[in-house]
Structures are given as C-alpha cells and as structure tokens.
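Encoded as structure tokens, the structure appears first; notes follow it.
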Amino acid sequence: MQPNPFGLRGFLIDAPDYGSLRSRRDGALIVADGKIAEIGDYDDLRKRQRAEPIHWIDRGAVAIFPGLIDCHAHLPQYSAVARGESQLLPWLRENIFPVEREFTGPKAREECPLFFHELARNGTTTAMLYAAIYEDSCEIGFEAAERSGLRVILGKMMMDLGSYGQLQPKKILSVSLIESERLCRKWHGADNGRLEYAFSPRFAVTCSEKLMRSAGELAQRFGAYLQTHLAENREEIEKVHHLHMSARDYTDVYEKYGLLTPKTMLGHCIHLSAREIDAIAAAQSNIAHCPTSNLFLGSGLFKLDQLLKAGLAIGLGSDVGAGPELNMWQVMRAALDVQKVRSMSEPALQRLRPSEAFYLATSGGARALGKSAVIGSLDAGKEADLTVVDLTAVLPYGKQGRRFDDLSTEDIVALCIYRAGPHANLETYVRGKCVYRASEAAPCQ
Ligand SMILES: [Zn+2]
C-alpha cells in the first residue's frame, strides 16, 4: 500500500505561465489524499512539525515535473506508427483505416492496457484520445483507462461518409449517435471526473452535416468535450471546400454545425486564415498542436505565434499514429524544430524556447482542456499528477559526467526535451497514486 501522506524530494520544475519557469533545486512536495498538500524546500518541509511522520521518497538526482499532457492521439493507431510515406488522405486510406477496422474485440482488449501502460511509462498523466468507430473499442478503452489510473478523455470515432465499418450506410449515422450517447452516459465524469467523454466527429471530410450538428448538440447536453481535426493538409481543405460549398471556409463548417465550443479540442490547425483564427478565438475553442505528426505526414508548419497572439489555448498532441511515439518530450522537441524551420524563411520570427514548449505540454495543455485549476503546475491544492525524471539518464556521460547542480533550470528542461523519455522516467503519479514505477524491485502496482 502506498503511504498517505508521503513526501517526494527532487528538483521541482514547472511553467505556470508561458515563457517562465519556476524551480526549487532541493525541493519537496508533500502529497496527501491525491493532492499536493505542501510544496517547498526539502529542508524546511522535513523539519516541519507534523501530527504524523512523513514517508519520504528520495530517488537522488531527479527532476519532478507536472505530469505531461497529450491533447490528441488515436488509441487504435499505435500499432501502425511510422508506416507509409504518403500525405494525410492516402495515408489514412492505406495505413490507418485498415488498422482501425480491426480494432474491436480481442485486438482492442489486448492493446488498450498496453497503450495506457505506455502513456504512463512516458510520463504522460492526461490524454485526450479517439477510439475506433466501434462501441466496444471505446468501452474497452475506458475499462483499460479506468484500471490504468490515468486521467483520460476518450470518445468513439464518429464518421458516416466513407467509413470503414460494415454497417449499411443508412444505419451508420443513427447507430453512431446512439452508441456515442450511451458511452457518454456511462463514462463521462467517472471516478470523480478522472474519465471523461469527448464526442469525436473525425473531420468534415468523413462527417455529414447531420452527424456534426448532432454531435455538437449531444456534447452540449452532457457538458462533454468535442474533438475533431481542422485544416491539417491542403488536399483535405480542398475536399472540405467541395463538400461544403456554402461554408466560408473549413472552420465555418464547424461553426455552422455547433462544433466550436469552449470544450472543443481542434487537432492541427495548420492552414488557417485570419478570419478562422478569430472565429476559433471568439468561440474559445482550443488547439492541439501535433508537430511530430505534422512533420511525419509533411502536413505543414504550425503558426504558433499567430495563434498565441489571438489568445488561443494551445496544448501539444502526439497524434499517434501519425506521430511516431507517445513520448511528449519528443513532441516538445518537434515543436521547437517546427518553429526553427519556419524561422529560416521568416527571419523576424522569434524562436520557440524550451521553457515555452514545456509550458505547452503542461500548463498549456491543462488550460486547453479547461483544467488549469486542477493540473498542469506544481501548486499546493492541485491534484498530484507528476513525472519523476532521472537526471543522470539525460546528462551526457550519465553519473560520470557533469553534475546537474551546475546547470540552469532552462538547461535542464532543454536536456529533458532533447534526451528524456521512458528510459529516464522513474515514476508517474496521477492524483498522488503511482501509476508507473521503473524499478522492477518495487513496482507500484
Ligand atoms: Zn489525429
């Protein structure tokens, strides 16, 4: 049994605001009843008089970060990563729909627990995910998410145009709506809000007007999330233009059908006009920037500065399987790379700093999910979602090399972005519960 309360000692680092890091070199957290009860210098917290003794966990040269937040990934697609050389639409047809078509029954039961284990192993504590089109793929996903201890927002994929299922075209829409509603009723808010539902129309290419409108209404009725893809690829945008001739632009399709809400997460948003950016900002919808995916599919370069300037809440997404891995440090690295590549042709553009990419994967993601009051930074009163990173695993020459005492907080964040991942993640906590521990000798569950 995990002690309650308990203390964690390490180099505390978070980014409560865009562009600013906060740190305590020999810091500590006291975790009680799933929350960060106290935060401070280790020496101070250790000496404080208490009614009951604290069980201290001291893993040596570690950094303790807020748990990483993945705002966009596809549960059925992990087995198909790094596959195919084509752009979005042919890649979906050739590589992804065949994999999603199989994601039901035993296959879903086998893969879902592995997927959540991988998230925890990577230090991800919150994930917003799409299942396949089948009700059981989402049900099995929620059951595995429930057991994993992770914070998960999940939805059954909705598509009624060009879908990969076996249903008669006439039945697809009504079945999709009935199943999505049933899943939402069962899972939205489960385990005190750790599990939540997202109505998930895939994108305007594969969704009828009726489907999108109904998804928007259902999400509003249940206070659930909405997630979809927007303006990822030029060919996709052309296709949407032909399918929805009366719309002013791609974003207008979602606007008209009630999909832009403060609980909407829009994946990608690479090719947006100024009007579209304003419309998303006015609706207070949120964006999942997925740079590893955008580079893999050659979709385009995200205009981070323009979207931030409009005041949009932006998180990062691995977008597995177009993104090749669940490691959010690698997604942060790709976010830096995308802005560097842009700056080659736009010299006036300010480069993205490691601290800013780290913000997007923690506090930024929390804000985009409307969860800033609960997660995203290391503050007393917030829920204890944490990742504990072994700094010797990211330093060149490891334990033999330079000591991390000599490095600035920004240096450490940069080292983690460029070199951290599952090999360096020692422990992951959600609501103060250990959901992953690297040590074979003392697994947490
Ligand atoms: Zn996606």
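FYI, it's all coordinate maths here, none of it is from the lab. Owing to the predicted nature of the structure, the values given are computational and were not obtained by experimental measurement. Because the Cβ atoms are built from the backbone with ideal geometry, glycine has one as well, and the counts that use them run over all protein chains shown.
Summing Lys and Arg as +1 and Asp and Glu as -1 over all other residues whose Cβ lies under 10 Å from the Cβ of GLU179 gives a net charge of -2.
Which value in Å does the Kirkwood hydrodynamic radius of the stretch 237-340 take, with 1/r averaged over all unlike C-alpha pairs and then inverted?
The answer is 14.2 Å.
Each peptide in 297-306, 404-413 was scored by the mean count of other Cβ atoms within 10 Å over its residues; highest first, the order is 297-306, 404-413. Just to confirm the number: angle between the C-alpha axis of helix 234-243 and the first principal axis of the chain, 0 to 90 degrees, nearest 10? Orientation of helix 234-243: about 40 degrees from the principal axis.
Find the relative contact order for the stretch 68-368 and round it to a whole percent, using C-alpha pairs within less than 8 Å whose residues are 6+ positions apart.
19
For the chain, with the dipole built from +1 on Lys and Arg beta-carbon atoms and -1 on Asp and Glu ones, taken about the Cα centre, which of TYR78, SER293, PRO3 lies farthest toward the positive end? Result: PRO3, furthest along the dipole toward the positive end. Here the sum of -39500 (n - 2.57) over DSSP H runs of 4 or more residues, divided by the residues of the chain, equals -10500 deg cm²/dmol at 222 nm, to the nearest 500.
If R0 is taken as 25 Å, the Cβ-Cβ distance between GLN87 and LEU161 corresponds to a FRET efficiency of 0.80.
In a reduced charge model with +1 at each Lys and Arg Cβ and -1 at each Asp and Glu Cβ, the chain shows a dipole moment near 320 debye about its Cα centre. A Förster radius of 30 Å, combined with the Cβ-Cβ distance separating LYS399 from ARG46, puts the computed FRET efficiency at roughly 0.75.
DSSP bridge analysis restricted to the stretch 68-368 gives an antiparallel fraction near 5%, rounded to the nearest 5.
Among 60-73, 138-151, sorting by the average number of other beta carbon atoms lying within 10 angstrom of each residue, highest first, gives 60-73, 138-151. Cut-off 15 Å, label point 7 angstrom out along Cα-to-Cβ of ARG22: give me the residues of the stretch 367-386 whose amide nitrogen falls inside. In the stretch 367-386, the label zone of ARG22 (backbone N under 15 Å from the point 7 Å along Cα→Cβ) covers 367, 372-385.
Cβ neighbours within 10 Å, averaged per peptide: list 287-295, 106-114 in order, most packed at the top.
Taking the mean over residues of other Cβ atoms within 10 Å, the ranking is 287-295, 106-114.
Taking a sphere under 12 Å around the Cβ of ASP14 and counting the other residues whose Cβ falls inside, with K and R at +1 and D and E at -1, yields a net charge of 0.
FRET efficiency for the pair TYR418 and GLU110, taken as 1/(1 + (r/R0)^6) with r the Cβ-Cβ distance and R0 = 35 Å, rounds to 0.55.
Just the Cα atoms of the stretch 5-74, one point each, no solvent: what log10 I(q)/I(0) does Debye give at q = 0.27 Å⁻¹? Per q value, in the given order, log10 I(q)/I(0) is -1.28. Only lysine pairs 8 or more places apart or on separate chains count here, and in the stretch 68-368 those with Cα atoms under 21 Å apart total 16.
From the P(r) of the chain, can you give the percent of Cα pairs sitting at distances over 38 Å?
20
Secondary structure note: in the stretch 1-152, about 55% of the DSSP beta bridges are antiparallel. Cβ crowding within 10 Å, taken as a proxy for footprinting-reagent exposure, orders TYR225, TYR78, TYR18 from fewest neighbours to most as TYR18, TYR78, TYR225.
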